[in-house]
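The numbers here are math on the coordinates, done by the rules we state, and not lab data. Small disclaimer: the values here were computed from a predicted structure and weren't measured. Because the Cβ atoms are built from the backbone with ideal geometry, glycine has one as well, and the counts that use them run over all protein chains shown.
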Amino acid sequence: MPDDATTGPLAGITILDLTHVLAGPFASSTLADLGARVIKVERPGTGDDTRAFPPFLDGDSAYFAGLNHGKWSIALDLKADADRAVFDRLLARADVVLENFRPGTMDRLGYGWAALSARHPRLIYGAVSGFGQTGPEAGKPAYDMVVQARGGVMSITGEEGGPPVRVGASIGDIAAGMYLAQGVLAALYQRQTTGKGAMIDIAMLDAQVAILEHAVAMTTATGHPPGPTGARHPTITPFSTFRAADGFFVIAAGNDAIFARLCGALGLDRLPQDPRFASNGARCENVHMLKRMIEAVTLAGPRAHWIAALEAAGVPTGRVQDMAEVLVDPQIRARAMVLPVTPQPGGPAFTAAGNPIKISTLAEIDHRAPAPRLDGDRATILDWLDRAERAG
């Protein structure tokens, strides 16, 4: 069972998850965290592609374990009559079906939205793809890199004057997965009123455009698309990384009052009255000069000194941490955001991110249920089906 299946707000909701790799599994993992039963329907023999993604511990993928903890797995060939019969039984008990095949694939199998909604009017159908179910490029394949490039994210990522840079996290997939989970939750709520399911069509490319708030505003207002600005914010200054004697830290002075407090903490008391820095607009025009003036001070001491001084002055700040530091960060640990994954019998012990959605009625957990073996829950799933069918 998922980690919170008996107590979460989605307790009693069953999701058939035909997705693989990242966007769909990220969405179903979020829904599992909220209490849904997620049955992962995988290809016989190979299963989810990420089962073969490094890094590995004792032959098992840490990447797969981090995305699929607490789910059930059954391997079904939807072109084989016997497996289709099992899938049909599952559909009769499901609330949600998720898939991330190219548009038209499920239709050819007889399991597209039109066919399923006619047979199961309450079923919610979520599809995530590179370019969506409509438009001239709907049938094209896509991965995270493609939609980061097409969606504009790479054009604003990296250092000024440098080549386009992919964002380090797979935000093409992750943003689409977040929107897919939101769509499922909205459709479940709507079904309570209408009694009917809905089709959710999420395009990874759409999701990239939706998260580019300042880039859309700047381009449409000025007629000039923004370029990369490194770590700094393009419309707020100072809002960037700065060097101390022992490494990098960030300063985020989001308004004039915070800027004044920053200057007081750094001994630069005259800057808030200087016309070059008296407003955010002026600071943005003189961003490079201001950074040099700040770093002339901060390079004289260690990060810990400046962070303590700025925090005492109420200035948002923090050290730039690598992932090893993140995983032992006391604040992150206190929020249960780094959790052990209970190993399968004889299997390796993995670590996964915790649930960032904190709800007063959802008990915090101190571990993750194991990721499933391929087809490892077939007997459990069939037994659950038998009991559900006998109960009517």
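Miscellaneous remarks
- Secondary-structure-derived ellipticity at 222 nm for the chain, considering helices only, amounts to -11500 deg cm²/dmol, per-run term -39500 (n - 2.57) for DSSP H runs with n ≥ 4.
- The fewest-to-most ranking of Asp17, Asp95 by surrounding Cβ atoms within 10 Å reads Asp95, Asp17.
- Residues His214, His224, His69, ranked from the fewest to the most other C-beta atoms within 10 Å, line up as His224, His214, His69.
- Alpha carbon convex hull of the chain, volume per residue in cubic angstrom: 178 Å³
- In terms of other Cβ atoms within 10 Å, Arg122, Arg387, Arg37 run from fewest to most in the order Arg387, Arg122, Arg37.
- The label-point distance for Ala217 and Thr241, in a model that sets each label 7 Å from Cα toward Cβ, rounds to 2.5 nm.
- Chain lengthening between Val146 and Asp77 when straightened (0.36 nm per residue, less Cα-Cα): 21.9 nm
- The gain in end-to-end length when the Asp322 to Glu160 segment is fully stretched comes to 56.0 nm, 0.36 nm per residue minus the alpha carbon separation.
- The stretch between Ile332 and Ile359, if pulled fully straight at 0.36 nm per residue, gains 8.0 nm over its current Cα-Cα span.
- Extending 7 Å from the Cα toward the beta-carbon at both Ala300 and Gln344 defines two label points whose distance is 6.0 nm.
- Alpha carbon centroid spacing (whole Å) that separates the range 145-205 from the range 317-347: 25 Å
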